[in-house]
There are 2 protein chains.
Amino acid sequence: MMGTLPRMLKLRAVLGRHQNLCWNFPSQALKQQSCLSSRPGLLLGSSWQCEVGSKRHHTEADRPKPAPAAAPDRLPFSRITEEDLAFFRNILPGRVVTDPDLLESNNEDWLKSVRGSSEVLLRPQTSQEVSQILKYCNSRNLAVNPQGGNTGLVGGSVPVYDEIILSTALMNHIRSFDSISGILTCQAGCVLEDLSLYLEQRDHIMPLDLGAKGSCHIGGNVATNAGGLRLLRYGSLHGTVLGLEVVLADGQVLDCLATLRKDNTGYDLKQLFIGSEGTLGVITAASILCPRKPKSVNVAFLGCETFEQLLKTFQLCRGMLGEILSAYEFLDSECMRLLNTHLKLTNPVHCQFYIVIETSGSEPTHDEEKLHNFLEEAMTSSLVSEGTVATEDSKIKALWSLRERVTEALAHDGYTYKYDVSLPVEELYQLVTDMRERVGGRAKSVVGYGHVGDGNLHLNITSQAKDPALLADIEPFVYEWTAKHRGSISAEHGLGLKKRNYIYYSKPSQAVALMGQIKALLDPKGILNPYKTLPDDQKP
Amino acid sequence: MMGTLPRMLKLRAVLGRHQNLCWNFPSQALKQQSCLSSRPGLLLGSSWQCEVGSKRHHTEADRPKPAPAAAPDRLPFSRITEEDLAFFRNILPGRVVTDPDLLESNNEDWLKSVRGSSEVLLRPQTSQEVSQILKYCNSRNLAVNPQGGNTGLVGGSVPVYDEIILSTALMNHIRSFDSISGILTCQAGCVLEDLSLYLEQRDHIMPLDLGAKGSCHIGGNVATNAGGLRLLRYGSLHGTVLGLEVVLADGQVLDCLATLRKDNTGYDLKQLFIGSEGTLGVITAASILCPRKPKSVNVAFLGCETFEQLLKTFQLCRGMLGEILSAYEFLDSECMRLLNTHLKLTNPVHCQFYIVIETSGSEPTHDEEKLHNFLEEAMTSSLVSEGTVATEDSKIKALWSLRERVTEALAHDGYTYKYDVSLPVEELYQLVTDMRERVGGRAKSVVGYGHVGDGNLHLNITSQAKDPALLADIEPFVYEWTAKHRGSISAEHGLGLKKRNYIYYSKPSQAVALMGQIKALLDPKGILNPYKTLPDDQKP
């Protein structure tokens, strides 16, 4: 009945013939790379380039033709004056930045794919200061770009033209943590990793974890409804965010900062701001329900021959690992080839599809036994061909790195066309197969990886260099395919500037029109993060 | 290390000295009574009575004076004509009910505390029919009361005057269930219990469970953001509802019926309708993320001497039971006295506070061992004085009934003033103590019970008969106390008709004003469930 140590070792002996092959990876900080690589600039080859508002990289002649993703013309907002600056300097003494060199990193996104030309950065410390700023900007018709850690991937976190950058960087105060209920209340500018460390000392964890955690702000996470690595287990921010404080476009402070698990008094307004990418209000504080820190974490890296087997393994896994399953991620053999070729990582097993399974639980012996029983069943029923498991922290990180460094390997492979889609889980990989067939030899690599447990596929296509003909093969095919299968053309990255006009592939026109009406209600002058989220035909 | 059977039995021997005392309860269907008793009419003594629009029970003289809870005057909606009926009969052949006797149960709420005087009940089968109905009603300025299973407790589910009742009863078709992802898509009129049975045959469960499950509709559950017994484990409907189809006041069908765990394409509009009590649109279908059915369920009934010990036990429990904890409920010794007196139930243990702990997991041996270790620690550290455990279904139901039949016992005790508040968990019981002190001998009983794990207290006060002086002692004190402690004056029941004007105790005026603006945007004529949710000063 109970898993004994010898029996566990025996299984490991079966599974572990390649076990040592993967322990040599540099594991430092690799766990932090789920979506972003830690080295800026690696993703320069992203499929989307936009340097509107700046001619630093492009002359007018070689500037890309207007496409659905390109920014529209600058809207008729006021231009900032000396009087405006004097006002800001008065309310934010020493916290108004106008030095172009200092503004550089705030004007450009992490992927270096979008660049604005803002001339002023404001660094408020309190919600009241944010309120004063917005009230003033609204009355003056000055556009504002709310900015957290600036780690977004869709051009939502930087100005497009000369919008004032409103940074939450100095709003990094933890207001309270209640260890009985697990409810944390903090300002929007707290860095996710800092919150994680704070909570770990108090035997809790944040309900979300993602690659950018060393930089991203919790306010930005909430504003973009960040997904990440723990969604399978702890659910989305729509469930774990219990309260928000938001400053509206006219400067009103909307206090929905409840610290209650249940509150059915009227419409749940805070939900509107989760995932609205700073276009409906500026989130200044949040209260979040935090889970207990797991006492035991295990990772298994397994190989399957077909995607169907991988899905059957998922079903088995949900049943047998039950409440301790915390991640079910995958990569295909093309990803592994790139990891081998470009990063010299060695595969611990050799198959067509690879699975990373993580368990997190409160009792190590029980967790190991559950994992053991599941692995035995998966092997004997021939769903899984090979595999290796890890319980030590360094080995866990090494196995995770095979999943997490795919982005980095792709950047080495060439110019990369990146897509982040959500699909019914049964159809997840068919898009990769269809795309591979469609682009044929024109692409260098067509790879699929992502969060199977969440139905979230990262589809990436590389070519030697930027190739308009290849792009024409890919788009709009990828969006049409996704729409046809009732998927989402942006699973977790949001729409921002880059994808705003593709919204109709995932949302019916009535829904988009209603979004436009809500935007007009909350921000009638459209000063908050203009050119983002809503398509050009829905701007106020 | 591992829990062996003899050791488990030994602990049971320690804990189980009263074990047999509680096995005699009639357990039939008791699990279904978390909030409601299964016998209609038991709660006639509710603190709130409103028979506006009908003089059946009150003459004008004895009708209660207008209070914050009383309905406002009838708004100037059109009155239904023969032409209107002809239109409805044309689109809903055989499904337009006008017989007053048949309308009786739809006009009156489950508590028999609110009665409307609607003369017509419409029973559409499809979203398109709902669309035709609302388009027509909006153009004719006819008010509509959307109705599911009519099990609400705040007068939200019945007409106040002559609103047309739009029932979802015939919209009970399950559209799809995906056993890989666990995603169910169904029409709004599916009865919660039917969905539960359907899913159990497919190795899954609904993420919510509540007393009214035999009658309530999933559309009504979503519209009221129902909480219930599983919220501690699976979270609120804001996290588990993945998509909604909603018909707006003007008849537009808003298709947000995604079946995806992740979708960041624009504002998450469906969230607006969750908990809006039918005032913003009529939910016609929902897709819901359903958990796997647990393979093992255990229940422990424990006694503590102080509420502080009860909270410390909760902390211990969260740590040691971790991922398998599925309920942490409590009742006080006054509740137990009423159970003894009125229902002849015998307490298995004798203490000041009683806890019901439920575990649900995927591996019976592991779950038993975790529970065993937790109980041992709770006993040796003197947090818990006495207790008994159950693993068999019938015994589990018997233990649960001690928690679930409190409502029934209260109804026998006298006229009951009922409050459902959410508070920071540390302050949960102080309200009961303060209330007891405040009302002194004027009340017959002052009892507290509820969902500790969710910070949700059910405070109930009984008296021999209706007592205006006692009510004046209780209200607005109870609301002011709750507001002072940043609690919610309605944790899970909603506002409906009864509590709409108390909203300001839990929400700031800016938030309420914004709710009013959203209502005006989505339902400019205010035809959807008028007199509900929003306070009288925010009606369109």
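Just so it is clear, none of the values below were taken in a lab; they were calculated from the coordinates. Quick caveat, the model's predicted, so the values are computed rather than measured. No Cβ is skipped: glycine too gets one built from the backbone with ideal geometry, and neighbour counts run over all protein chains shown.
To make sure I understand, if each residue's beta carbon is the centre and we count other beta carbons within 10 Å, what order do B:Met435, B:Met379, B:Met320 fall in, fewest to most? Please report the intermediate quantities before stating the final value.
Details: B:Met435 23, B:Met379 17, B:Met320 20.
Fewest-to-most ranking of B:Met435, B:Met379, B:Met320: B:Met379, B:Met320, B:Met435.
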**Item:** Over chain A, relative contact order from alpha-carbon pairs under 8 Å, at least 6 apart, %
**Value:** 18 percent
**Asked** Stretched out fully, how many nm does the piece from A:Asn90 to A:Arg337 gain, at 0.36 nm a residue minus the Cα gap?
**Response** 83.2 nm
**Complete:** So, relative contact order of segment B:392-540 in percent, Cα under 8 Å, 6 or more apart, is 22 percent
**Complete:** On the formula 1/(1 + (r/R0)^6), with r taken between the Cβ atoms of B:Glu193 and A:Thr346 and R0 of 51 Å, the FRET efficiency rounded to 0.05 is 0.40
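Once a ≥ b ≥ c are taken as the square roots of the eigenvalues of the Cα gyration tensor of the protein assembly as shown, is the result rounded (a/c under 1.5), prolate (a/b larger than b/c) or oblate (a/b not larger than b/c)? List each step's numbers first, then the result.
Numbers: a/c = 1.66, a/b = 1.21, b/c = 1.37.
Verdict is oblate for the protein assembly as shown.
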**Request:** Determine the gain in length on full extension of the stretch A:Gln430-A:Glu200; use 0.36 nm per residue of separation and subtract their C-alpha separation, reporting nm with one decimal.
**Result:** 78.8 nm
**Complete:** Scoring only Lys, Arg, Asp and Glu (+1, +1, -1, -1) among other residues with Cβ under 11 Å from the Cβ of B:Gly496 yields +2
**Item:** Phi to ³J(HN,Hα) by Karplus 6.51 cos²θ - 1.76 cosθ + 1.60 over segment A:490-503, Hz, x for Gly, Pro
**Value:** 9, 6, 9, 7, x, 10, x, 7, 5, 10, 4, 7, 8, 4
**Prompt:** Nearest beta-carbon of A to the rotation axis carrying it onto B: which residue, how many whole Å?
**Reply:** A:Gly239, 1
**Message:** Taking B:Ala469 in one copy and the same position in all the others, each labelled 7 Å out along Cα→Cβ, what are the pairwise distances from the first, in nm, shortest first?
**Reply:** 9.5
**Fill in**
Taking Cα atoms only, helix A:82-91 is inclined relative to the longest principal axis of chain A by an angle, in degrees rounded to 10, of 60 degrees
**Complete:** Diffing segment A:393-408: the Karplus 3J(HN,Hα) column from phi (6.51, -1.76, 1.60, θ = phi - 60°), in whole Hz with x for Gly and Pro, holds 4, 5, 6, 4, 4, 5, 5, 4, 4, 4, 7, 7, 8, 4, 3, 5
**Item:** Rounded to 10°, Cα long-axis angle of helix A:333-343 versus longest principal axis of chain A
**Value:** 70 degrees
**In range of the label at A:Ser179: residues from segment A:189-211 whose backbone nitrogen is under 15 Å from the point 7 Å along Cα→Cβ** = A:198-205
**Asked** Between copies, how far does the label point of B:Pro72 sit from its twins, in nm, shortest first, when each point is 7 Å from Cα along Cα→Cβ?
**Response** 3.7
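Averaged over peptide A:267-279, how many Cβ atoms belonging to another chain are found within 10 Å of each residue's Cβ?
Values: counts 19, 10, 9, 3, 9, 7, 2, 4, 7, 3, 3, 0, 2.
For peptide A:267-279, the averaged partner shielding equals 6.
Give me A:Phe307, A:Phe273, B:Phe87 sorted ascending by neighbouring Cβ count inside 10 Å, so fewest comes first.
Working: A:Phe307 20, A:Phe273 29, B:Phe87 17.
Going from least to most buried by this count: B:Phe87, A:Phe307, A:Phe273.
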**Fill in**
Here the residues of segment B:235-254 lying in the modelled label zone of A:Gln510, meaning backbone nitrogen under 16 Å from a point 7 Å along Cα-to-Cβ, are B:243-254
**Request:** Would you please state which residues of segment B:131-160 a label at B:Leu102 would reach in this model, taking the label point 7 Å out along Cα→Cβ and a backbone N cut-off of under 12 Å?
**Result:** none
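Take the Cβ-Cβ distance between B:His412 and B:Asp537 as r, set R0 to 41 Å, and report the resulting FRET efficiency rounded to the nearest 0.05. Kindly include the intermediate steps, with their values, before the conclusion.
Numbers: r = 39 Å, r/R0 = 0.95.
Here the calculated transfer efficiency is 0.55.
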**Fill in**
The relative contact order of segment B:296-485, taking Cα pairs under 8 Å that sit 6 or more residues apart, comes to a percentage of 27 percent
**Request:** Output, in nm with one decimal and in ascending order, the distances from the B:Glu427 label point to the matching label points of the other copies (7 Å from Cα along Cα-to-Cβ).
**Result:** 5.0
**Fill in**
Between the modelled labels at A:Glu83 and A:Asp393 (7 Å from Cα along Cα→Cβ) the distance in nm is 5.8 nm
